[in-house]
Amino acid sequence: MIVKINLIGEEAIALPKSYNHILQAFFYSNMDPVLSKFLHDIGFTHGKRRFKLFTFSKVIGKITRRDKRRGFVFFSPDVTLYFASPLIDIVSSSVKTFLKRGNLFLGRNTVSLSSIELVKPEVDGEMTVRCLSPITVYRTPKGEKRFQYLSPWQDEFYELLRKNLVKKYELVYSKSYKGELEIEPVKVIEGYRKKVLYRGTLVEAWEGYYKLKGNEDMLRLALEAGLGAKNSQGFGMVERVL
């Protein structure tokens, strides 16, 4: 399920340049507390990996001012967020919480719900998507602890995207994936590279346009669970454009 959330603030919405942790806290705090704690502390296990199975977009709205000295970005009071998960319970819990609360808190900003709507994209065997939040893909070289981030100009970038999405499929559907799955770039330029500071860690991620081919369940999963790693930290949400 995918929902579009329109928020309105009392005044301009001020957020730090890297605000993923604020959006993540916003969504965790606006769902059932038991579910929120489970997702935050445990999640869903696949081998040695844990998945939260939700993702969200960056803030979509008009930027009215940038304060480079303080490292803040100011948005007009009306902004939009997208939130998605292949698990109905996660999305429905958030929707119910949003609908029953008056004031919401986005960082230090007081906002209220203007509207919320279910998004139902058409899904068939092929689609072109664009990023609503940048995609991050990395590997950990043997014997090292630090991540090595990959770029869309490396074949391994797409290989790891496919492997990651297959693991999510196996978690959600409790079966192996037997169909085709192709992911390739449509439009990627150097300007699409983003460096996001998340709780003291610098994450390299990429926006852009990509083409996916696979069965309908797999492609719907890409839209609802996100592409790549760190989806629950605000990376890898995509929407269909073709």
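The values are calculated or read from the model by the stated rules, or taken from the named source; none is laboratory data. This is a predicted model, so every value here is computed, not measured. Note: ideal-geometry Cβ built from the backbone for every residue, glycine included; neighbour counts use all protein chains shown.
Some points to look at:
- Residue in the range 172-193 that is in a helix (DSSP H, G or I), touching a residue at least 12 places away in the same chain (Cβ under 8 Å), of a type in the set (D, E, K, R) and surrounded by fewer than 18 Cβ atoms within 10 Å (Cβ to Cβ) present: no
- Selection status of Glu204, under 20 Å from the mean Cα position of the chain (by Cα), surrounded by fewer than 22 Cβ atoms within 10 Å (Cβ to Cβ) and in the same structural domain as Leu150 (by TED's automatic domain parsing): yes
- Residue within the range 131-152 that is at pLDDT 95 or above, over 30 Å from Arg49 (Cβ atoms) and assigned to a strand (DSSP E or B) present: no
Every residue, every condition in (1) closer than 27 Å to Gln24 by Cα; (2) of a type in the set (Lys, Arg), yes or no:
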site	(1), (2)
Lys163	yes, yes
Glu170	yes, no
Ile189	no, no
Glu207	yes, no
Lys213	no, yes
Arg220	yes, yes
Gly226	yes, no
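- Matching entry among Gln148, Gln233 (being in contact with a strand residue (DSSP E or B) (Cβ under 7 Å, 6 or more places away or on another chain), without any contact (Cβ under 8 Å) to a residue 12 or more places away in the chain and outside the structural domain of Lys17 (by TED's automatic domain parsing)): Gln148
- Exactly one residue out of Tyr82, Tyr28, Tyr19 is in contact with a His (Cβ under 8 Å, 6 or more places away or on another chain) and surrounded by 16 or more Cβ atoms within 10 Å (Cβ to Cβ), and it is Tyr28.
- Positions within the range 194-211 being in contact (Cβ under 8 Å) with a residue 24 or more places away in the chain and basic (Lys, Arg), in sequence order: Lys194, Arg199, Lys211
- Some residue of the range 4-15 being surrounded by fewer than 18 Cβ atoms within 10 Å (Cβ to Cβ), free of Cβ contacts under 8 Å to residues at least 40 places away in the same chain and either assigned by TED's automatic domain parsing to the domain that holds Tyr169 or not charged (D, E, K, R) (or both): no
- Only residues that are under 23 Å from Ser176 (Cβ atoms), of a type outside the set (A, V, I, L, M, F, W, C) and part of a loop (DSSP other than H, G, I, E, B) were counted across the range 38-91, and they come to 6.
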